[in-house]
Amino acid sequence: MSAFRPKYITFDCYGTLTNFQMAQMARKLFPGRVAPADMEGFVESFRGYRLDEVLGDWKPYKEVVRNAVERTCKRWNVEFREADGEEIYEAVPTWGPHPDVTEPLTRIGGEIPLVILSNADNSQIHQNVKRLGAPFAHVFTAEDANAYKPRLQAFEYMLDQLGCGPEDCMHVSSSFRYDQMSAYDLGFGARVWVARGHEPECPRYATHVIKDIGGLPAVVGL
């Protein structure tokens with residue numbers, strides 16, 4: 001497929017650019033309460049409840065994390081402690097990028113404006129973006145949009161702020177469930193899936209597949 005030069009390249013942040021460590025945090029906090037044989041199932045339940053928590057009306061991300069932890073504990077008949085959600089939430093701004101992120105984005109950012117749309121609070125995301133070390137033109141959050149991805153409202157807010165249509169943009173994410181399916185439904189001009197291993201591939205929803213951000217410059221002809 002020939003290179004597509006969008007007006008903007010829009011990105012998911014957590015998981016795609018930032019090394020999102022929710023699973024690692026669960027493995028760190030719960031080994032005394034969750035049997036080793038159950039830990040991966042517990043982690044997967046935590047992943048599912050986080051998604052479910054963002055499908056309704058917007059609420060602070062701290063509540064998303066707290067509720068997902070509580071519901072996971074209930075599902076696995078594990079003691080829930082308020083401190084668990086607090087520790088996970090407070091850790092998020094300390095997480096840095098995957099090692100393949102900074103150089104390619106710095107190279108692309110000199111040619112095409114880079115934009116983040118993140119399921120984050122404004123109090124968190126800017127610390128993570130600073131750690132990416134790349135020139136982002138705009139950073140939008142679920143708090144700004146009053147809606148979380150995968151809700152289309154979040155993407156529509158970003159497009160309204162950018163003053164362009166979805167066909168003018170390329171969206172880059174490692175998640176089909178949070179990002180690529182919504183970008184497909186809205187008609188983004190290109191949709192690049194980063195195969196980080198979080199989810200199985202669903203080729204219908206992506207126009208390009210790359211193994212890491214190092215493959216992105218070639219997608220836009222750089």
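Every number here is computed from the coordinates shown, using simple stated rules; none is lab data. Since the structure is predicted, the reported quantities are computational estimates derived from the model, not experimental observations. Heads up, the Cβs are rebuilt from the backbone with ideal geometry, glycines too, and the neighbour counts pull from every protein chain shown.
In the chain, the DSSP-assigned H stretches of four residues or longer account for a calculated mean residue ellipticity at 222 nm of -12000 deg cm²/dmol, using -39500 (n - 2.57) per stretch and the full residue count as denominator.
Using a Gaussian network for the chain with springs between C-alpha atoms less than 10 Å apart, which of these wobbles most: Pro97, Pro31, Pro150? In this elastic network of the chain, the residue with the biggest mean-square fluctuation among Pro97, Pro31, Pro150 is Pro31.
Across the range 22-94, C-alpha contacts under 8 Å between residues 6 or more apart give a mean separation that, scaled by the residue count, equals a relative contact order of 30 percent. Coupling constants for the range 39-52 follow from the phi torsions by the Karplus curve (6.51 cos²θ - 1.76 cosθ + 1.60, θ = phi - 60°), and in residue order they are 4, 5, x, 4, 4, 5, 4, 4, 4, x, 5, 4, 5, 4 Hz; glycine and proline get x. Beyond a 25 Å Cα-Cα separation, which of these cross-linked pairs lie in this structure: Lys28/Lys62; Lys7/Lys59; Lys62/Lys211; Lys7/Lys149; Lys59/Lys211; Lys7/Lys62? Checking Cα-Cα distances, Lys7/Lys59; Lys62/Lys211; Lys59/Lys211; Lys7/Lys62 exceed 25 Å.
In a fully extended conformation the segment linking His138 and Lys211 would gain 23.8 nm over its present Cα-Cα distance, using 0.36 nm per residue. Fewest-first ordering of Met181, Met170 by other beta carbons within 10 Å of each residue's beta carbon gives Met181, Met170.
Using C-alpha pairs below 8 Å separated by at least 6 residues, the relative contact order for the range 148-189 is 47 percent. To the nearest ten degrees, helix 122-132 and the longest principal axis of the Cα atoms of the chain are 60 degrees apart. Taking springs between alpha-carbon atoms closer than 10 angstrom, which of Pro203, Pro113, Pro93 fluctuates most in the Gaussian network model of the chain? Result for the chain, Cα springs under 10 Å: Pro203 fluctuates most. If R0 is taken as 25 Å, the Cβ-Cβ distance between Lys130 and Gln24 corresponds to a FRET efficiency of 0.70. Percent of Cα pairs in the range 50-93 per distance bin of 5 Å, from zero to the largest separation: 5, 23, 31, 25, 14, 2. DSSP beta bridges fully contained in the range 80-222 are about 0 percent antiparallel. Here Leu55 and Lys7 are evaluated by their C-beta separation; at R0 = 45 Å the FRET efficiency comes out at 0.95. Taking amide H atoms as placed 1.01 Å from N in the peptide plane, the amide H of Thr141 lies under 5 Å from those of Ser118, each 5 or more residues away in sequence or on another chain. In degrees from 0 to 90, rounded to the nearest 10, what is the angle of the helix 152-162 Cα long axis to the longest principal axis of the chain? Approximately 40 degrees, to the nearest 10. The ranking of Thr102, Thr141, Thr16, Thr94 by Cβ neighbour count inside 10 Å, starting from the fewest, reads Thr94, Thr102, Thr141, Thr16.
Comparing Glu90, Glu201, Glu70 in a Gaussian network model of the chain, where Cα atoms under 10 Å apart are tied by springs, the biggest mean-square fluctuation is seen for Glu90.
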